[in-house]
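Presented below is the structure to which this report refers.
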Number of protein chains: 2
Amino acid sequence: MNLKELSARLGLSPTTVSRALNGYPEVNAATRERVLRAARETGYRPNRTAQHLATGKAGSIGLLMPVGAEAMSDLHFGEFLSGVGETARAKDFHLVVMPSDPADEVSGLVTLATGGNVDGLCLAYIRENDSRIDLMESLGLPFIVHGRFFSAPHPYPFLDVDNEAAFYEAVRLLLQLGHRRIGLINGDETLGFAVRRRNGALKAMQEMGLSFDPLLHCSTTMTEEAGQRAATGFMAQPDPPTAMLCASMVQALGVVRAANQAGKQIGRDVSLISYDDVLPVLRPEHFTVPLTTTRSSLRTAGKRIAERLIQRINGEETDDFQELWRPELVLRASTGPVPVKEKA
Amino acid sequence: MNLKELSARLGLSPTTVSRALNGYPEVNAATRERVLRAARETGYRPNRTAQHLATGKAGSIGLLMPVGAEAMSDLHFGEFLSGVGETARAKDFHLVVMPSDPADEVSGLVTLATGGNVDGLCLAYIRENDSRIDLMESLGLPFIVHGRFFSAPHPYPFLDVDNEAAFYEAVRLLLQLGHRRIGLINGDETLGFAVRRRNGALKAMQEMGLSFDPLLHCSTTMTEEAGQRAATGFMAQPDPPTAMLCASMVQALGVVRAANQAGKQIGRDVSLISYDDVLPVLRPEHFTVPLTTTRSSLRTAGKRIAERLIQRINGEETDDFQELWRPELVLRASTGPVPVKEKA
């Protein structure tokens, strides 16, 4: 059933039918209702859906949305999703967002892939012992990985930021400023990005013959509470850190509060560097003491992921293109030389 | 094709097939690939999808995601979506999120409804001259409105917060504290929630025989920049406001910055009340001067919307239930009596 046939059946002009289907106010409610009912009954699909049916495509891309106890990380997810959504809209694709337990993503991916509602998948939240690369290939759908596996039997398409370089550069700057007691408030180290950041931080320390004091290192969630709790714990120690590095601007909120409560001034008494995903409501330059950050936009990554996934669906990207973005280290007022110790 | 038939065809036990489809690591890669290929070729759908096919349901609920220049409001959308997602996951439903131009939501709704991928729709971002109630009924799918129409030919199901009461109570408090020059930084007044808030604020003023100075009233976006620009403009006037009311904690960030830059202390020199959607990263109690707010959780609203929409899809909610939530006015340190004017 095409537009011409549907119009003939209804005894209406194709223009009127098209206007009714596209919701123009010129079409009165009774006519619109007649047209929509006929469209449903005959299985007529307007424009894009008709095209997608003709090509066997659903016109949708799928991704999992982590839902559950750690749901506060959705500020990061929401930013990524906005990027994906902008590109999807520009390319006339739907998003199928499947709410999923972070501990059971495999069944979510299988359900999405076998349900026939999506033409391609974005895989994210890669873990250290993640074996989903095999699964993705078995599923037989175009896919792209946001992040990277730690081992994979063969090449696969991804977009990742160089998390190791980000934290390596950040710690190296702190070392150059004379800091030796450095507190690391990392993301959840069951996730790949946090593993790579820890490795980068460690590498910079090891190059100076140093290591992280286990008492100054924690793997935690991307929440304000977690940042505050970690920083408060660090600063309560007999030999507190002179500098801290945290994994998210959301954690940085809590670190700054902890420093204020401990009567320490950021940038003078204690230096702070945060990873910055360029979350629009948490801008490092708007903090009372503007924050030094290592920056890469999650929204831009989302746009690029959607762009490449749609290219793969359309057969335009056919190789296993691997793309690694380097975050920028942006210096602001929250980093300074190690403070001179006052005599007791 | 059911699980038993698929298993027989493959010469595997139903347990193995089920494990392969659900991604259990016990199944080796070759077997999993065989199973998934057979599932695709035969059109087998695992559990929930099979059930949905049997019932003629897609197992999905749909909503539009505003995408475009004003995309910063996605902090609010993301919070709402998290609530919808939590409930959808608990009820084993997918979300189909259609990126949509806020100026053309009708065609997005029609596409979603006629595409056969969703069993029900959530309609939001109601405008003052919105006539989509007719459209929603023509579409012939269960739906629920987040918000309310200003006029509708007959009853329809909705969940809304009492935005009028929220801003009425807020302004009444400021009047009780002696404020008369009150600045109103509202949301976009082409949207219903902002119209109702303005009406509530106006009603409180009118009860005292007052009105808003047009120079102290603006309708703007839910961004930090917009909040800062509006507050800076208000405070630069010859007769600046002694109190301000804004529509979002994101705007409040900008208002507080503007006050700091003008050398005014929140709560002493200028009072501030913000609407609080309970965004986890912007908590009013964490501001340097904790903010008085009128509070209602967007995430909880998202959960409730999804719950009711799924009930409607399942035929469990059959009346046009209209639910209005009353925001709470929570007093903190950002509101105080009108400051005594210093003599020139």
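Could you tell me which numbered condition B:HIS286 fails, if it satisfies all but one of (1) under 29 Å from A:LEU75 (Cα atoms); (2) in contact (Cβ under 8 Å) with a residue 24 or more places away in the chain?
All conditions are met except number (2).
Would you confirm whether any residue within region B:256-272 is within 21 Å of the chain's Cα centre (by Cα), modelled with pLDDT of 95 or more and assigned to a helix (DSSP H, G or I)? Can you show your working first?
Our first condition is that a residue be within 21 Å of the chain's Cα centre (by Cα); within region B:256-272, this holds for none.
No, there is no match, as no residue in region B:256-272 is within 21 Å of the chain's Cα centre (by Cα), modelled with pLDDT of 95 or more and assigned to a helix (DSSP H, G or I).
Yes or no, residue by residue, for (1) closer than 30 Å to A:PRO240 by Cα; (2) loosely packed, with under 14 Cβ neighbours inside 10 Å; (3) more than 17 Å from the chain's Cα centre (by Cα):
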| position | (1), (2), (3) |
| --- | --- |
| A:ASP277 | yes, no, no |
| A:LEU282 | yes, no, no |
| A:ARG304 | no, no, no |
| A:LEU309 | no, no, no |
| A:VAL338 | yes, no, yes |
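I want to confirm something. Restricting to region A:211-227 and keeping residues that are within 14 Å of chain B (Cβ to nearest Cβ) and not in a loop (DSSP other than H, G, I, E, B), which single residue is surrounded by the fewest Cβ atoms within 10 Å (Cβ to Cβ)?
A:GLU225
For the subset of region B:86-98 comprising residues that are closer than 11 Å to B:GLY62 by Cα and without any contact (Cβ under 8 Å) to a residue 60 or more places away in the chain, which member is surrounded by the fewest Cβ atoms within 10 Å (Cβ to Cβ)?
B:LEU95
Which of the following residues is aliphatic (A, V, I, L, M), within 22 Å of A:SER297 (Cβ to Cβ) and touching a residue at least 12 places away in the same chain (Cβ under 8 Å): A:ALA230, A:ALA247?
Only one candidate qualifies: A:ALA247.
Return the residues of region A:128-183 that are of a type in the set (D, E, K, R) and touching a residue at least 24 places away in the same chain (Cβ under 8 Å); say none if nothing qualifies.
Residues satisfying the conditions are A:GLU128, A:ASP130, A:ARG132, A:ARG148, A:ASP160, A:ASP162, A:GLU164, A:GLU169, A:ARG172, A:ARG180, A:ARG181.
Anything in region A:257-275 that is out of contact with any strand residue (DSSP E or B) (no Cβ under 8 Å at 6 or more places or on another chain) and closer than 13 Å to A:THR292 by Cβ? List them, or say none.
Correct list: A:GLY267 only.
Among A:ALA230, A:ALA194, A:ALA252, A:ALA204, which is out of contact with any strand residue (DSSP E or B) (no Cβ under 8 Å at 6 or more places or on another chain) and outside any loop (DSSP other than H, G, I, E, B)?
A:ALA204
So which of A:PHE167, A:PHE149 is more than 24 Å from B:SER60 (Cα to Cα) and surrounded by fewer than 23 Cβ atoms within 10 Å (Cβ to Cβ)?
A:PHE149
Can we say A:THR190 is closer than 30 Å to A:ILE126 by Cβ and within 13 Å of chain B (Cβ to nearest Cβ)? Full working, then the answer.
Details: closer than 30 Å to A:ILE126 by Cβ: yes; within 13 Å of chain B (Cβ to nearest Cβ): no.
For A:THR190, the condition - closer than 30 Å to A:ILE126 by Cβ and within 13 Å of chain B (Cβ to nearest Cβ) - is not met.
Any residue that is modelled with pLDDT of 95 or more, under 20 Å from B:LEU331 (Cβ atoms) and not assigned by the TED database to the domain that holds B:GLY78 - is there at least one of those in region B:220-229?
Taking every residue of region B:220-229 in turn, none turns out to be modelled with pLDDT of 95 or more, under 20 Å from B:LEU331 (Cβ atoms) and not assigned by the TED database to the domain that holds B:GLY78.
Determine which member of the set B:VAL278, B:VAL289 is within 14 Å of another protein chain (Cβ to nearest Cβ) and on the phi > 0 side of the Ramachandran plot.
B:VAL278
Restricting the search to region B:234-249, which residues are touching a His at 6+ places or on another chain (Cβ under 6 Å) and part of a strand (DSSP E or B)?
Of everything in region B:234-249, just one residue is touching a His at 6+ places or on another chain (Cβ under 6 Å) and part of a strand (DSSP E or B), namely B:ALA243.
Taking region A:247-263 only, how many residues are away from chain B (no Cβ under 14 Å) and surrounded by 19 or more Cβ atoms within 10 Å (Cβ to Cβ)? Outline the logic, then answer.
Going through region A:247-263, the residues away from chain B (no Cβ under 14 Å) turn out to be A:247, A:262-263.
Cutting the leftovers down to surrounded by 19 or more Cβ atoms within 10 Å (Cβ to Cβ) gives us A:247.
Residues meeting the conditions: 1.
Go through region B:99-138 and give me each residue that's polar (S, T, N, Q), in a loop (DSSP other than H, G, I, E, B) and buried (at least 21 other Cβ atoms within 10 Å of the Cβ).
Matches in region B:99-138: B:ASN117 only.
Any residue at all in region A:153-170 that's part of a strand (DSSP E or B) and within 14 Å of chain B (Cβ to nearest Cβ)?
No; the residues of region A:153-170 include none that is part of a strand (DSSP E or B) and within 14 Å of chain B (Cβ to nearest Cβ).
Table: residues versus (1) modelled with pLDDT of 95 or more; (2) touching a Lys or Arg at 6+ places or on another chain (Cβ under 9 Å); (3) within 19 Å of B:GLU33 (Cβ to Cβ).
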{"residue": "A:LEU109", "(1), (2), (3)": "no, yes, yes"}
{"residue": "A:THR114", "(1), (2), (3)": "no, yes, yes"}
{"residue": "A:ASP130", "(1), (2), (3)": "no, no, yes"}
{"residue": "A:SER138", "(1), (2), (3)": "no, yes, yes"}
{"residue": "A:ALA166", "(1), (2), (3)": "yes, yes, no"}
{"residue": "A:ARG180", "(1), (2), (3)": "yes, no, no"}
{"residue": "A:ARG196", "(1), (2), (3)": "yes, yes, no"}
{"residue": "A:LEU202", "(1), (2), (3)": "yes, no, no"}
{"residue": "A:GLN206", "(1), (2), (3)": "yes, no, no"}
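The values are calculated or read from the model by the stated rules, or taken from the named source; none is laboratory data. In this text the structure is predicted, and so the values were computed from the model without any measurement. Cβ coordinates were reconstructed from backbone atoms using ideal geometry, including for glycine residues, and neighbour counts include every protein chain displayed.
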